[in-house]
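Participant: I'd like to ask you about the structure that follows.
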Amino acid sequence: MRIELEINGDTRSADDVWEGESLLFVLRERLGFPGSKNACEQGECGSCSIYLDGNLVCACLVLAGQAQGARVTTVEGLAEDLDLHPVQEAYLKAGAVQCGFCTPGLIMATHELLERKAQPSDAEIREALAGNLCRCTGYEKILDAVRLAAKARA
Amino acid sequence: MAGPANEVDGLGRCQGGKGLEFLQPTSLTEALELKAAHPGAVPLAGGTDLMVDLNFDRLRPEAMLDLTRIDELKQWWPHDDLIRLGAGVSYTRLVSEIGEYLPGLAIASRTIGSPQIRNRATVGGNLGTSSPAGDALPPLLAAGAEIEVASAGSSRRMPFRDFMIGPKKNALAPEELIVAVHIPKARGPQQFSKIGTRNAMVISVASFALAIDAGTRAISCAIGSAGPVILEAPEADEFIESSLEESGAWDARSRIDNSVLQRFGELVAQGARPITDVRGTKAYRQHALAVIAARTLTWAWDDYMASA
Amino acid sequence: MRAPTIQKRTEQRGGVGESVQRPDGVPKTKGEFAYSSDLWAENMLWGATTRSPHPRARIVSIDTREALATPRVRTVLTHEDVPGRKSYGMEVPDQPVLAWDDVRYQGEAVALVAADHPEAARRAAGRVKIEYEVLEPLVDPETALADGAPALHPSGNVIRHIRIRHGDQEASAEVVVKGDYQVGMQDQAFLGPESGLAIPDGEGGIDLYVSTQWLHIDLDQLAASLDLPPSKVRITLAGVGGAFGAREDLSIQIHCCLLALETGRPVKMMYGREESFFGHVHRHPARLHYEHGAMRDGRLVYVKARIVLDGGAYASSSTAVCANAACFSCGPYNVPNATIDAYAVYTDNPPCGAMRGFGAVQTCFAYESQMDRLAKALDIDPVELRRLNAMDTGATMITGQEVEGPAPVAELLKRVRNAPLPPDGDAMDIRTLPGGVSNTTHGEGVKRGVGYALGFKNIGYSEGFDDFSTARVRLSVVAGEPQVEVHSAASEVGQGVVTVQMQIARTELGVQQVVVLPADTSIGSSGSSSASRQTWMTGGAVKNACEAVRARLLQRAAQRLGKRHGKLTLDGANIVSAGSGSVASISDIVGDDPIEETKEYHHRKTFPLDPRTGQGNAHVAFAFAAHRAVVDVDLDLGLVRVVEMATAQDVGKALNPQAVEGQIEGGIAQGLGLALMEEIQISQGRILNPSFTDYLIPTILDMPPVRADVLELGDPHAPYGLKGVGEPPTISSTPAIVAALRDATGRPLTRVPVRPDDIVGLDGQSG
């Protein structure tokens, strides 16, 4: 099947998509957006978090056809030109990036949290990011990054 | 045998083009027609269960029937003393929009997965999967929900207890789709608690829902992840109703004795039919249910006592 | 005569000791960093693996015809297609590349498929018809050890037995405590799945892009099995999504290359999460029997221990894990007499090998549990008992080795003891309570507990292994500015070794612009990113190479400038003399003639353990840490929330303080996971929970704040005095949490992960 959708503001399409492919596979393997990561493909780790029509979702749990005509924002679409998005900047500064495999998903989830709640409490941060597993950092520096990004907005 | 000899593309597709088809109706009528024409099609909403099976090569149906383009399924509205909840309403919306009417379901919804999961997953999905670990299911049973299912040209409603008939088994006919859930508006405090060995993002080891009907002075419980289906606990219900009646606690709005709470917990545990599996032992499930039953009753009763 | 000017050394930005941002951080935050699973090549095929469903079976026949007839499929390979050595392994090459007559664990690879769509490859992999004669698996390590057990390998079932006999074997004590402990099978659970891309060069050679911990040990094994000269096999490190020991052994490496060489096309392989659980080794489950003897005043007299590690089907790094378990079996304490027997045993369970902490984790849980038990028997405060027996510089290990360099065990303990305790939880916010958002308590049944633990382990490789790292450093002038290029084969697995190489080059050569080239096999080995060794070893190699470049630079400057300036030194990017100040810039001297040096770094020599007594100077250095855990336990439900972890650790020298903290916090999270939730559950050799739904790792709601006290005492043998950082946080955090649980519950809790059943007392354990 043919899939056409808007990714980070541009219309993209893929042909010969097998009907069983996930949106994550189509993004990564067919459309050249490997930023969303394939850590578990069962919605447990949040590494493939993207916006689908404005909602934060795991791209691995969206069947490609379900995204037909949808508006998708991936981690590749956050930074404008050469500048990092403030959330990306905060992750870098706080030392919240180690192997980095969880980072794109966490950055998307943080972005979504701060859109909803500009100055979240620690408990709110933890609840909002509970769907994003990180195996390297122990999350302490991730909390620092979210606080830093929130402060930058204040 | 769907062997390679007659397969044309290595993806399960044979001569004539049949493979995994993707069907995307935009109205309920169209969906029901498609389901009638493709009874083997698997209805798909948020994908939080089914996509795992697809990704892990456990599910290769003849077709996937996407229900996310059907606006009718994404609506909810109050009618009379009920809420009609479209099967496609996400848990995120349940948490933020419906807590006033269905507090038990809202508490349970908050415990489901993560924000990403709650943005996609739906009550219809939990019903379709009919896992005993479906977190939304105990509150539906405790609240006396009815499930509305439809096929091309007809529809029917059945109580939840008639709908779920076994682990991952329900009363849905091959040509039917789950359309909505009709849930009485809460007439008193409701509670939900779920046991997991992690403090978030966890499949329940056991769960418990409780609804107080302050009008009829009834209490109903439901047990999750501790039997082949979501279980009622009629003996616990009857025991606590009569204890409260006898002690005059309904009118006095007085505390429930610890001995009564404990007995209530025991009866709930006795009503469970758990097994030992990778997530927990039979003994622990029983033990934990007794504890969370007593606690949730206390919390709900505290709310009742505090209500005017 | 002009008075000599006192030169203040110019501060170099981004050098050693600063929290420099990682150079791969920008692409990682933008989603542009190329992990091994992100790779793509024109005309690429996808590989898939057919695995044994049985833990133990004989292969009767393999029929690939139906798989091969599947449309889109290009090739199907079996053991017959392995041109070179049919088996592999880092220490013992006992694991078949593709199984031929026996399979020894569930998930063992038997056949390979390449197709032009992953779905077609998977379907065809399922169509490889393998007839098995299914055998009863041997899954209990004690049974495998017993006389008369069927031999799973020609060498028998004992992979290694380490015997330590230290001091007086007949020593007696006034107080004796015994205990039996168990550690479950933990998974490294890195997030980036095993993956890589192999590209044939058309001339019989191959390029492999892969995530791994040690490029050159992969190269050796690849060349042997592909029957190619090492020069025909080139490996480049692709982006690594975490490792923690699980990328020491081969996964897709040989398979992917076999498929690519056979088809003549690029082949990508990528495991899914379920396959990943079968695709790498795990932490050894252990059963440990301990006996501690002490005087009434608390001084340890002896320790006796029997340690059985389940190595699973193949050796992997079991021999070294076994040695570590034995050497560190008594903890960082003065133990004058020890009788230790540690065994690593073959079974039909999944193969076990390296994971952060490497043998020291299992024994630390046991000996620290014993220390608490002993404290109770003696009615001494557990912290005081530890302080009383704490090792210090000059102490003698149970292997007879003297502990040189700082061993601030008592100091570390004092620091965590004196750290302020966290405030009480907020009963109004369920997110701060055990059970979290699952709404299991509003404060009912919740009790706080506090526990302590100490741990230690070796840094680097032991037992006489001549471990080394290689680095090439090139100083040139680019657009008028000096630039340093650093090249090594050190695997950046997230820990920050690229950043550290850059920092060292800046400090040593005073040059701001440093480029670290991708790690590959075109340079000599850097050894493994494991054993907390990479900053020490590759850091040392980069430092050596920089020093050699600097010497040549100054030599060239002296030649060019004559002798009139006297002795020249480098200050920042300037060449200075004591008499004349700055006499030239690096750019002046280097010009268009770059200076390049390649150097190795070898750590000091170590020696084997005596096979009869386990005595010997087997280790390079030791690293120590102390942990204090504060937990809230729901006594009725057995659910736990760790409130805070306090730690003190001597890191020798923090080359990058922020990265050091990151290692400490991340290491503690893995220790917390082992304490409370992480276990690969196995029944009759079969994994019951190969998914992130049922193999649980801590979320951000499970991991508490960490209060880290980092000491920099400087190791005399190490570059900059640094010690490894990565492993100690994972070692003693687990027993500290369990000690806190015992404090709150009064229960013995002799097994990790601790299950809710154990806390509420459903397993027959009593207080």
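The values are calculated or read from the model by the stated rules, or taken from the named source; none is laboratory data. Model, not experiment: these values are computed from the prediction. Cβ coordinates were reconstructed from backbone atoms using ideal geometry, including for glycine residues, and neighbour counts include every protein chain displayed.
Participant: Under the condition of being among the charged types (D, E, K, R) and part of a strand (DSSP E or B), which residue from region C:566-624 is surrounded by the most Cβ atoms within 10 Å (Cβ to Cβ)? So that I can check it myself, show each step before the final result.
Facilitator: Looking only at region C:566-624, we keep the residues that are among the charged types (D, E, K, R), and these are C:567, C:571, C:588, C:592-593, C:596-597, C:599-600, C:604-605, C:610, C:612.
Still in the running and part of a strand (DSSP E or B): C:571, C:596-597, C:599-600.
Numbers: C:D571: 16, C:E596: 15, C:E597: 18, C:K599: 20, C:E600: 16.
Checking each candidate, the answer is C:K599.
Participant: Any residue in region C:225-237 that is touching a residue at least 12 places away in the same chain (Cβ under 8 Å), aliphatic (A, V, I, L, M) and within 14 Å of chain A (Cβ to nearest Cβ)?
Facilitator: yes
Participant: In region C:475-493, how many residues are of a type in the set (A, V, I, L, M, F, W, C), surrounded by 24 or more Cβ atoms within 10 Å (Cβ to Cβ) and outside any strand (DSSP E or B)?
Facilitator: 2
Participant: Another one. Sort out which residues of region B:102-112 are in contact with a helix residue (DSSP H, G or I) (Cβ under 8 Å, 6 or more places away or on another chain) and in contact (Cβ under 8 Å) with a residue 24 or more places away in the chain, and write them in order of number.
Facilitator: Of region B:102-112, the ones in contact with a helix residue (DSSP H, G or I) (Cβ under 8 Å, 6 or more places away or on another chain) are B:102, B:104-112.
Of everything in region B:102-112, those that are in contact with a helix residue (DSSP H, G or I) (Cβ under 8 Å, 6 or more places away or on another chain) and in contact (Cβ under 8 Å) with a residue 24 or more places away in the chain turn out to be B:L102, B:G104, B:L105, B:I107, B:A108, B:S109, B:T111, B:I112.
Participant: Now for a separate question. Could you give me the residue pairs with C-beta distances under 9 Å whose first residue belongs to region A:91-108 and is more than 7 Å from every other protein chain (Cβ to nearest Cβ) and over 12 Å from C:G192 (Cα atoms), whose second residue is aliphatic (A, V, I, L, M) and part of a loop (DSSP other than H, G, I, E, B) wherever it lies, and which are 6+ apart or on separate chains?
Facilitator: A:G105/A:A39; A:G105/A:L133; A:L106/A:A96; A:L106/A:L129; A:M108/A:L78
Participant: Is it the case that region A:117-124 has a residue that's of a type outside the set (F, W, Y), buried (at least 24 other Cβ atoms within 10 Å of the Cβ), in a helix (DSSP H, G or I) and within 7 Å of another protein chain (Cβ to nearest Cβ)?
Facilitator: First, the residues of region A:117-124 that are of a type outside the set (F, W, Y): A:117-124.
Pick out the ones that are also buried (at least 24 other Cβ atoms within 10 Å of the Cβ) and you get none.
Checked region A:117-124: no residue is of a type outside the set (F, W, Y), buried (at least 24 other Cβ atoms within 10 Å of the Cβ), in a helix (DSSP H, G or I) and within 7 Å of another protein chain (Cβ to nearest Cβ).
Participant: Quick test for you: out of C:A338, C:A326, pick the one residue that is closer than 29 Å to C:L152 by Cα and aliphatic (A, V, I, L, M). Explain how you work it out, then say what you get.
Facilitator: Working: C:A338 fails: closer than 29 Å to C:L152 by Cα.
None of the other options fit; the residue is C:A326.
Participant: If only one of C:T499, C:T432, C:T440 is among the hydroxyl-bearing types (S, T, Y), buried (at least 19 other Cβ atoms within 10 Å of the Cβ) and farther than 30 Å from B:G196 by Cα, which one is it? Spell out the reasoning first.
Facilitator: Values: C:T432 fails: farther than 30 Å from B:G196 by Cα; C:T440 fails: farther than 30 Å from B:G196 by Cα.
C:T499 is the lone residue from the list that is among the hydroxyl-bearing types (S, T, Y), buried (at least 19 other Cβ atoms within 10 Å of the Cβ) and farther than 30 Å from B:G196 by Cα.
Participant: Under the condition of being buried (at least 24 other Cβ atoms within 10 Å of the Cβ) and hydroxyl-bearing (S, T, Y), which residue from region C:509-561 is nearest to the chain's Cα centre (by Cα)?
Facilitator: Step by step, filter region C:509-561, then rank; the result is C:S530.
Participant: Could you tell me which residue of region A:36-90 is nearest to the other protein chains (Cβ to nearest Cβ), considering only residues that are in a helix (DSSP H, G or I) and among the charged types (D, E, K, R)? Step through it out loud before you land on a result.
Facilitator: If we filter region A:36-90 for residues that are in a helix (DSSP H, G or I), which is where we start, we get A:59-61, A:64-67, A:75-77, A:86-90.
Cutting the leftovers down to among the charged types (D, E, K, R) gives us A:76, A:89.
On the way: A:E76: 5, A:E89: 8 Å.
Checked region A:36-90; the qualifying residue nearest to the other protein chains (Cβ to nearest Cβ) is A:E76.
Participant: Right, next: Give region C:268-323 a look and list any residue that's acidic (D, E), touching a Lys or Arg at 6+ places or on another chain (Cβ under 9 Å) and either surrounded by fewer than 24 Cβ atoms within 10 Å (Cβ to Cβ) or not in a strand (DSSP E or B) (or both), or say none.
Facilitator: Here is the first cut: in region C:268-323, the residues acidic (D, E) are C:274-275, C:291, C:297, C:310.
Filter once more, so that each one left must be touching a Lys or Arg at 6+ places or on another chain (Cβ under 9 Å): C:275, C:291, C:310.
Once the filter is applied, which keeps residues that are acidic (D, E), touching a Lys or Arg at 6+ places or on another chain (Cβ under 9 Å) and either surrounded by fewer than 24 Cβ atoms within 10 Å (Cβ to Cβ) or not in a strand (DSSP E or B) (or both), region C:268-323 yields C:E275, C:E291.
Participant: Restricted to region C:50-62, and to residues that are out of contact with any Pro (no Cβ under 9 Å at 6 or more places or on another chain) and either aromatic (F, W, Y) or in a loop (DSSP other than H, G, I, E, B) (or both), which residue is nearest to the other protein chains (Cβ to nearest Cβ)?
Facilitator: Going through the qualifying residues, I end up with C:P53.
Participant: Considering only residues that are in a loop (DSSP other than H, G, I, E, B) and free of Cβ contacts under 8 Å to residues at least 40 places away in the same chain, look in region B:216-232 and name the one that is nearest to C:G436 (Cα to Cα). If you could, list the steps in order and put the result at the bottom.
Facilitator: Residues of region B:216-232 in a loop (DSSP other than H, G, I, E, B): B:216-217, B:225-230.
Narrowing the set further to residues that are free of Cβ contacts under 8 Å to residues at least 40 places away in the same chain leaves B:216-217.
Values: B:T216: 33, B:R217: 31 Å.
For region B:216-232, the residue satisfying everything is B:R217.
Participant: Out of all the residues in region C:662-686, which are touching a Gly at 6+ places or on another chain (Cβ under 7 Å) and either assigned to a helix (DSSP H, G or I) or within 14 Å of chain A (Cβ to nearest Cβ) (or both)? Working first, answer last.
Facilitator: First pass over region C:662-686, keeping only residues touching a Gly at 6+ places or on another chain (Cβ under 7 Å): C:662-663, C:665-669, C:679.
Within region C:662-686, C:G662, C:Q663, C:E665, C:G666, C:G667, C:I668, C:A669 qualify.
Conditions (1) without any contact (Cβ under 8 Å) to a residue 24 or more places away in the chain; (2) closer than 30 Å to C:N324 by Cβ; (3) buried (at least 20 other Cβ atoms within 10 Å of the Cβ), marked per residue:
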position	(1), (2), (3)
C:E119	yes, no, yes
C:P137	no, yes, yes
C:T143	yes, yes, no
C:Q182	no, yes, no
C:Q186	no, yes, yes
C:E194	no, yes, yes
C:I199	no, no, yes
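Participant: Quick check on this structure: which one of C:I664, C:I680 is touching a helix residue (DSSP H, G or I) at 6+ places or on another chain (Cβ under 8 Å), outside the structural domain of C:V103 (by TED's automatic domain parsing) and buried (at least 24 other Cβ atoms within 10 Å of the Cβ)? Walk me through it before giving the result.
Facilitator: Values: C:I680 fails: buried (at least 24 other Cβ atoms within 10 Å of the Cβ).
Of the residues listed, the single one that is touching a helix residue (DSSP H, G or I) at 6+ places or on another chain (Cβ under 8 Å), outside the structural domain of C:V103 (by TED's automatic domain parsing) and buried (at least 24 other Cβ atoms within 10 Å of the Cβ) is C:I664.
Participant: Could you grab me the full set of residues in region B:239-272 that are in a loop (DSSP other than H, G, I, E, B) and within 24 Å of the chain's Cα centre (by Cα)? Show your work before the answer.
Facilitator: Start the filter on region B:239-272 by keeping residues that are in a loop (DSSP other than H, G, I, E, B), which leaves B:248, B:253-257, B:272.
Within region B:239-272, just B:A272 meets the criteria.
Participant: Still on this structure: In region C:742-760, is there at least one residue being among the small types (G, A, S), part of a loop (DSSP other than H, G, I, E, B) and either closer than 24 Å to C:T647 by Cβ or touching a His at 6+ places or on another chain (Cβ under 7 Å) (or both)?
Facilitator: From region C:742-760, those among the small types (G, A, S) are C:744, C:746; that's our starting set.
The next check asks that each one be part of a loop (DSSP other than H, G, I, E, B); those that pass are C:746.
Add one more test, that the residue is either closer than 24 Å to C:T647 by Cβ or touching a His at 6+ places or on another chain (Cβ under 7 Å) (or both), and what stays is none.
Among the residues of region C:742-760, not one is among the small types (G, A, S), part of a loop (DSSP other than H, G, I, E, B) and either closer than 24 Å to C:T647 by Cβ or touching a His at 6+ places or on another chain (Cβ under 7 Å) (or both), which makes the answer no.
This table checks each residue for (1) crowded, with 21+ Cβ neighbours inside 10 Å; (2) within 11 Å of another protein chain (Cβ to nearest Cβ).
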site	(1), (2)
B:L67	yes, yes
B:K74	no, no
B:D80	no, no
B:Y91	yes, no
B:T111	yes, yes
B:G124	yes, no
B:G128	yes, no
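Participant: Sticking with this structure for a sec: Find the residue count for region C:419-470, including only residues that are touching a residue at least 40 places away in the same chain (Cβ under 8 Å), within 14 Å of chain B (Cβ to nearest Cβ) and in a loop (DSSP other than H, G, I, E, B).
Facilitator: Restricting attention to region C:419-470, the residues satisfying the condition of being touching a residue at least 40 places away in the same chain (Cβ under 8 Å) are C:419, C:421-422, C:425, C:431-437, C:440-441, C:444-470.
So of that shortlist, the ones also within 14 Å of chain B (Cβ to nearest Cβ) come out as C:425, C:431-437, C:440-441, C:444-446.
Retained after the next criterion (residues that are in a loop (DSSP other than H, G, I, E, B)): C:425, C:433-435, C:440-441, C:444-445.
Looking only at that region, the number is 8.
Participant: May I ask you to say which residue of C:G31, C:G47, C:G15 is modelled with pLDDT of 95 or more, crowded, with 22+ Cβ neighbours inside 10 Å and away from every other protein chain (no Cβ under 13 Å)? Write out each step before concluding.
Facilitator: Values: C:G31 fails: away from every other protein chain (no Cβ under 13 Å); C:G15 fails: crowded, with 22+ Cβ neighbours inside 10 Å.
Only one candidate qualifies: C:G47.
Participant: In this structure, is B:Q262 in contact with a helix residue (DSSP H, G or I) (Cβ under 6 Å, 6 or more places away or on another chain) and among the polar types (S, T, N, Q)?
Facilitator: Working: in contact with a helix residue (DSSP H, G or I) (Cβ under 6 Å, 6 or more places away or on another chain): no; among the polar types (S, T, N, Q): yes.
Against the criterion (in contact with a helix residue (DSSP H, G or I) (Cβ under 6 Å, 6 or more places away or on another chain) and among the polar types (S, T, N, Q)), B:Q262 does not qualify.
Participant: Still on this model: Only one residue in B:N258, B:N199 is modelled with pLDDT under 95 and within 14 Å of chain C (Cβ to nearest Cβ). Which one?
Facilitator: On the way: B:N258 fails: modelled with pLDDT under 95.
When all the criteria are applied, what remains is B:N199.
Participant: Quick check on region C:616-635. Is at least one of its residues out of contact with any helix residue (DSSP H, G or I) (no Cβ under 6 Å at 6 or more places or on another chain), free of Cβ contacts under 8 Å to residues at least 24 places away in the same chain and at negative phi?
Facilitator: No, region C:616-635 has no match at all.
Participant: Let me ask something else. Among (1) within 14 Å of another protein chain (Cβ to nearest Cβ); (2) part of a strand (DSSP E or B), where does C:R628 come up short?
Facilitator: Here C:R628 meets the rest and fails (1).
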